[in-house]
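The values are calculated or read from the model by the stated rules, or taken from the named source; none is laboratory data. Source: prediction; values computed, not measured. Cβ placement follows ideal geometry from the backbone for every residue including glycine, while neighbour counts extend to all protein chains displayed.
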Amino acid sequence: MSDEFRELDVQTLNGLNAWGTVSYILHLVVAVAALIPGAQMGPLLLVVALVIDLVKRGDAEGTWHASHFRWRIRTVIIAALLYLITAPLWLLLFLPGWLAWLAISIWFLYRIISGMVRLNKGLPMEIPA
């Protein structure tokens, strides 16, 4: 990943920081709710966060913020695919399905927290090519 990013004016930088924080908080609420039985209000919040990321990622093009938009979008897509792939486990046996979804939820939570930490430090996400 190149260390060269385009310069941003203060207003744009503050806006990207604010939208990034809002998106990470929505993702975090979803991730924590996924770990608490019966607190499954997450899908709607996740769709809202995904829409924010898809709409605002163009504003971040060429900046270190762009890596955070990619990180969050990829995290949601990968988690959704993993949940869909492991959904049949719930139909076959409860425990394997629960364990698979628990593992996915913990991975999701890890990705969101690590992204929030790097955003707060003003660092891009290191996404392998």
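Go through (1) within 14 Å of the chain's Cα centre (by Cα); (2) surrounded by fewer than 13 Cβ atoms within 10 Å (Cβ to Cβ) and name the single condition Ala87 misses. For Ala87, the failing item is (1).
Considering the stretch 1-52, and only residues there that are in contact with a Phe, Trp or Tyr (Cβ under 7 Å, 6 or more places away or on another chain) and modelled with pLDDT of 75 or more, the residue that is farthest from Trp64 (Cα to Cα) turns out to be Ala31. Tallying residues that are surrounded by fewer than 13 Cβ atoms within 10 Å (Cβ to Cβ) and β-branched (Val, Ile, Thr) within the stretch 107-126 yields 1. Taking the criterion of being out of contact with any Ser or Thr (no Cβ under 6 Å at 6 or more places or on another chain), surrounded by 14 or more Cβ atoms within 10 Å (Cβ to Cβ) and of a type outside the set (Gly, Ala, Ser), the residues of the stretch 49-71 that qualify are Leu50, Lys56, Arg57, Asp59, Thr63, Trp64, His65, His68, Phe69, Arg70, Trp71.
Residues of the stretch 54-70 that are at pLDDT below 90 and charged (D, E, K, R): Lys56, Asp59, Glu61. Comparison of Leu102, Leu93 shows that the only residue that is more than 18 Å from Leu28 (Cβ to Cβ) and surrounded by fewer than 19 Cβ atoms within 10 Å (Cβ to Cβ) is Leu93.
Residue selection: Ile78 fails the criterion of being modelled with pLDDT of 90 or more, within 14 Å of the chain's Cα centre (by Cα) and either surrounded by 16 or more Cβ atoms within 10 Å (Cβ to Cβ) or within 25 Å of Val10 (Cα to Cα) (or both).
Test Ile73 against the criterion of being farther than 17 Å from Ile25 by Cα and at pLDDT 90 or above, and give yes or no. No. Cβ separations smaller than 8 Å between residues 6+ apart or across chains give the following pairs from the stretch 100-128 residues that are more than 14 Å from Gly20 (Cα to Cα) to residues that are part of a helix (DSSP H, G or I) and basic (Lys, Arg): Ile127/Arg70; Ile127/Arg74.
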